[in-house]
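In what follows, a structure is listed as structure tokens, so that the remarks can point back to it.
Values in this text are rule-based calculations from the coordinates and carry no lab data. Keep in mind it's a predicted model, so treat the numbers as computed, not measured. Neighbour counts run over all protein chains shown; Cβ positions are idealised from the backbone, glycine included.
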Amino acid sequence: VRRSIRKAAKLGMTLERSRDADEYFNLYEQVLLRHHSRSLPYKRMLHNFLTKIVPLIYKEKMGEMWLLRTNSGEAAAGEIVLFDNKRVYFWNAANDPRFFNTGAPCYLKFKLMEEYKGRYKEIDMIEADTPTIAHFKAGFNPKIVPHYAVEKSSTTYRLLSYMYNFCYWNLYKSLIKR
């Protein structure tokens, strides 16, 4: 991680606040295509979501969107950050695969930690339980705090939940095959 941070700094990458949901979506779309599939049946829905949520985050003063730019001005990586009185949440990250070898993802996290460390007691990096993401985030030497989900439900609720999930994923698979 340190080597990646130094590399990106030497390349002159800069961090800036942004409200441009379209530019962020272009980065995020590349992540989705890389990890999920070559077709995104829900692309328009995600784009609409981002164009609505980014202004709302700023209006309600509950977060910010950041872009890390190369010295030529291209967006190499981005992050949507949410916060409350106590902590910062690195909610959603995106990056351009052309800039992986520049250290951009590491440098983005590092610069955001610098930005928020004096104002907030904690930084929640979110998704530390996802193996590939956890490996990346472990490079920042975080204190891992487990979280739990407890659910109490009736037999009827479990049956309806199962049916919903079954129908949803079968519909999703059929949309991807098109």
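Here the Karplus relation 6.51 cos²θ - 1.76 cosθ + 1.60, evaluated at θ = phi - 60°, turns the backbone of the range 80-85 into coupling constants of 9, 10, 10, 8, 10, 5 Hz, with x for every Gly and Pro. Taking a sphere under 12 Å around the Cβ of L67 and counting the other residues whose Cβ falls inside, with K and R at +1 and D and E at -1, yields a net charge of -4. For L82 and L33, the difference between the fully extended length at 0.36 nm per residue and the C-alpha to C-alpha distance is 15.2 nm.
Available extension along the chain between K61 and D22 is 12.0 nm, counting 0.36 nm per residue and deducting the alpha carbon span. What is the local net charge at R19, summed over the other residues whose Cβ is closer than 11 Å to its Cβ (Lys, Arg +1; Asp, Glu -1)? Value of the local net charge: -3.
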